[in-house]
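Just below is one structure, and these are the notes that go with it.
The values are calculated or read from the model by the stated rules, or taken from the named source; none is laboratory data. All of these numbers come straight from a predicted model, not from anything done at the bench. Cβ coordinates were reconstructed from backbone atoms using ideal geometry, including for glycine residues, and neighbour counts include every protein chain displayed.
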Amino acid sequence: MKHFLKETDFGPSELGALFGLARELKAKRGRHATPLAGQTWAMIFSKSSTRTRVSFEVGIHELGGNPLFLNKNDIQLGRGETIADTARVLSRFVHGLVVRTFDHDEVQQLADIGTIPVINALTDLLHPCQTFADAFTLAERWGRGGDLVGSLRGRKIAFVGDRGCNVANSWILGANLFGMKISLAGPTGFDAAPEFDQLLGREGFAGGYQFTTDPFEAVRDADVVYTDVWVSMGKEEETAERIRVMSPFAVTPALLAAAKPGAFFMHCLPAHAGQEVTQEVLDSPRSIIFDQAENRLHMQKAIMATLALSARP
């Protein structure tokens, strides 16, 4: 059974077909095959969402399936039923699971115990659907009419801000998978969690990134400047302190100008203008934030179609 819990669940040899399928589904939206026809995919969300929920619900529908949204508190999981029992029961009812939650171990358990494909739609550790959609967004520009995945190799991405957040973690893993360079800038103490460093080592990517406390050093020669909110869900009690220590790491026009000429600005959204990024950068022609958001739909459709095919007897 194939799952998508982390970037490296797709190997380098599979990326070309996956990215090509995303491009095909985007070009033929509404006129493509429906590999989820007759299937129901459940979506268990412990965290609120705009882009993730809408893109998955629409994507399942457009692939011919039926999306079933389950807030964690609407099912027995929210009243103490074990993840193991939830996995076993839902495997009898539905054909796939999309899970957005806090603890990464929850999606891992659902995948290990269940008998249907599981997709990580975000955990506190990783956000692989975002990274793949982001990479596809860049590949559309750099690999027009040619090798999408190959166009990423050798490019540099700079992540500025909370360099230990799930999107930063995922981009470290993704950059190494795609053959990109990555440099992360943020305050001391906001580094990758120990379990992420262990994961990186198991994947053979230990040392495949650079941490710095100088944002201008990080963006030097960068093809992409990326940031995320400074206060993620579940960290609200740290808001004042996070804003204080991260203020020097805001993406301003001056910081973006220190990257390569023509470098793109990316943000997974929602953005807080005036905190991690200025409104001027968000509105810049070099900002591709809404292309990123749209491509969540197309890449996730490609992922679901691929997993559904792998699950067939």
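Residues of region 254-281 that are in a helix (DSSP H, G or I) and in contact with a strand residue (DSSP E or B) (Cβ under 6 Å, 6 or more places away or on another chain): Leu256, Gln279, Val281. Of the residues making up region 32-76, those that are aliphatic (A, V, I, L, M) and surrounded by 13 or more Cβ atoms within 10 Å (Cβ to Cβ) are Leu36, Ala42, Met43, Ile44, Val54, Val58, Ile60, Leu63, Leu68, Leu70, Ile75. Can Arg23 be described as more than 15 Å from Ile303 (Cβ to Cβ) and in contact (Cβ under 8 Å) with a residue 24 or more places away in the chain? Criteria not met by Arg23. Against the numbered list (1) of a type outside the set (Asp, Glu); (2) assigned to a loop (DSSP other than H, G, I, E, B); (3) closer than 30 Å to Thr8 by Cα; (4) modelled with pLDDT of 95 or more, Tyr226 comes up short only at (2). Within region 200-217, can you find the residues that are surrounded by 15 or more Cβ atoms within 10 Å (Cβ to Cβ) and of a type in the set (A, V, I, L, M)? Answer for region 200-217, where residues must be surrounded by 15 or more Cβ atoms within 10 Å (Cβ to Cβ) and of a type in the set (A, V, I, L, M): just Leu200.
Residue-level check: of (1) without any contact (Cβ under 8 Å) to a residue 24 or more places away in the chain; (2) over 24 Å from the mean Cα position of the chain (by Cα); (3) part of a helix (DSSP H, G or I), Glu57 misses just (2). For Phe290, the conditions (1) part of a helix (DSSP H, G or I); (2) touching a residue at least 24 places away in the same chain (Cβ under 8 Å); (3) surrounded by fewer than 19 Cβ atoms within 10 Å (Cβ to Cβ) all hold with the exception of (2). Filtered by the rule that a residue be small (Gly, Ala, Ser), within 18 Å of the chain's Cα centre (by Cα) and in a loop (DSSP other than H, G, I, E, B), region 7-51 gives Gly11, Ser46, Ser48, Ser49.
Among the residues of region 71-102 satisfying the criterion of being of a type in the set (D, E, K, R) and modelled with pLDDT of 95 or more, which is nearest to Ser49 (Cα to Cα)? Give the steps one after another, and end with the answer.
Start the filter on region 71-102 by keeping residues that are of a type in the set (D, E, K, R), which leaves 72, 74, 79, 81, 85, 88, 92, 100.
Still in the running and modelled with pLDDT of 95 or more: 85, 88, 92, 100.
Numbers: Asp85: 26, Arg88: 26, Arg92: 27, Arg100: 9 Å.
Of everything passing the filter in region 71-102, Arg100 is nearest to Ser49 (Cα to Cα).
Filtered by the rule that a residue be surrounded by 18 or more Cβ atoms within 10 Å (Cβ to Cβ), within 25 Å of Arg100 (Cα to Cα) and touching a helix residue (DSSP H, G or I) at 6+ places or on another chain (Cβ under 7 Å), region 227-274 gives Asp228, Trp230, Val231, Met266, His267, Cys268, Ala271. Taking the criterion of being among the β-branched types (Val, Ile, Thr) and in contact with a strand residue (DSSP E or B) (Cβ under 7 Å, 6 or more places away or on another chain), the residues of region 145-200 that qualify are Ile157, Val160, Ile172, Ile182.
Please note which helices (runs of 4 or more DSSP H) are completely contained in region 94-204 and include at least 1 residues that are over 15 Å from the mean Cα position of the chain (by Cα). I'd like the intermediate steps shown before the answer.
Working: elements: 104-113, 128-142, 166-178, 194-202.
Qualifying helices (runs of 4 or more DSSP H): 104-113, 128-142, 194-202.
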